[in-house]
Each structure stands twice: as structure tokens, then as C-alpha cells.
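Peer 1: Sharing a structure with you now.
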Amino acid sequence: SIGPAIGIVAASYAGCNKTATVALITCATGLMGTFYPGMKVNALDLSPNYAGTVMAIVNGIGAISGIVTPYLVGVLTPDSTVTQWRDVFWIVFAVFFTTNTLYLFMASGEMKPDKYWFIVMELYTTIVCCVMRVCFISLTQIAERDEII
């Protein structure tokens, strides 16, 4: 994931050159194909019996970035200048680099016992339920404050 990170940061330095920016973003996206196959098959290596559940948990946690990112980008780019977007791309670089480093040092292809996955699923379910409760309570309070309800 270092290749895509470098491509995205390089695109931020292309300025207003549309051709260079599109070429760099395209190369960065193309380089993502080099790490996805290894990462996506890891769930099958870890737990053949629960690979679907493991992928659901991993993708569920990963989807949080799809919820948080648009808000953060809006906060970081109020004027939508090149410099503000460059800061966003450096943050993307940092996230790519950090997650890649963690994966390199912490990931394993060794199969885990089934009992391990029951504990992981129970923990994930508990976390999701807690987050849903907090969101529901927060939305209810906002709605009451704004007299929507």
C-alpha cells in the first residue's frame, strides 16, 4: 500500500495539471491491485470455516472510514485549496503507511482455532451494539433538542 500512498501524495504536488494528476491517481489506484489479493485471502488462511464471518467483521470495521472520512475532509478543506487537499493526501499517506506497517509486523497466515473466532465474533457484536446504542441516544437527543420529535 506504499505505492498508492506515494502516488496520491505525488498527485497533490501536480498542482493544476489535470493530465499529471489523473495519471498519478490512476497509477496509485492500479498499484492497489498489488496488495489487495494478499490481504483479502488472509481471512481464508486464518479460518477456513469462518472466512465469511471474518471478512464481514474486517469489512465492517473498515467501513467506519467511509463514514468518518467525508466529514474529516469537509473539516480539513473548507476552502478547497490545493494546500488543504495536500494535507488530506498526506494524512491518507500516513494511514496507508501505518496500516501497512502494522500488517507487515502483526499479520499471520497461521490458522486460528474455532474458539478464537467465537470470542472475536462475540466482541465484535458487543462493540456494534454499544455503538448503535450511543448513536441512537445521540440522534434522539439531537432530535429532541431541535424539536423534530
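The values are calculated or read from the model by the stated rules, or taken from the named source; none is laboratory data. Everything quoted here is computed from the prediction, not taken from an experiment. Cβ sites come from the backbone with ideal geometry, for glycine too, and all protein chains shown count toward neighbours.
Peer 1: Residue 23 passes all but one of (1) surrounded by 12 or more Cβ atoms within 10 Å (Cβ to Cβ); (2) in contact with an Asp or Glu (Cβ under 9 Å, 6 or more places away or on another chain); (3) more than 18 Å from residue 103 (Cβ to Cβ); which number fails?
Peer 2: If we test residue 23 against (1) surrounded by 12 or more Cβ atoms within 10 Å (Cβ to Cβ); (2) in contact with an Asp or Glu (Cβ under 9 Å, 6 or more places away or on another chain); (3) more than 18 Å from residue 103 (Cβ to Cβ), just (2) comes out false.
Peer 1: Kindly establish whether residue 69 is surrounded by 12 or more Cβ atoms within 10 Å (Cβ to Cβ), modelled with pLDDT of 80 or more and touching a Phe, Trp or Tyr at 6+ places or on another chain (Cβ under 9 Å).
Peer 2: Criteria not met by residue 69.
Peer 1: Turning to a different aspect of this structure: Which of the residues that make up the stretch 26-53 are hydrophobic (A, V, I, L, M, F, W, C), outside any helix (DSSP H, G or I) and crowded, with 16+ Cβ neighbours inside 10 Å?
Peer 2: Scanning the stretch 26-53 gives a single hit, 35.
Peer 1: Within the stretch 127-137, is there a residue that is in a loop (DSSP other than H, G, I, E, B) and either over 14 Å from the mean Cα position of the chain (by Cα) or at pLDDT 80 or above (or both)? Steps first, please.
Peer 2: In the first step, residues of the stretch 127-137 are kept if they are in a loop (DSSP other than H, G, I, E, B); the result is none.
Checked against the condition, which is being in a loop (DSSP other than H, G, I, E, B) and either over 14 Å from the mean Cα position of the chain (by Cα) or at pLDDT 80 or above (or both), the stretch 127-137 yields no hits at all.
Peer 1: If we keep just the residues of the stretch 27-47 that are over 19 Å from the mean Cα position of the chain (by Cα) and not acidic (Asp, Glu), which is modelled with the highest pLDDT?
Peer 2: Top of the filtered list is 27.
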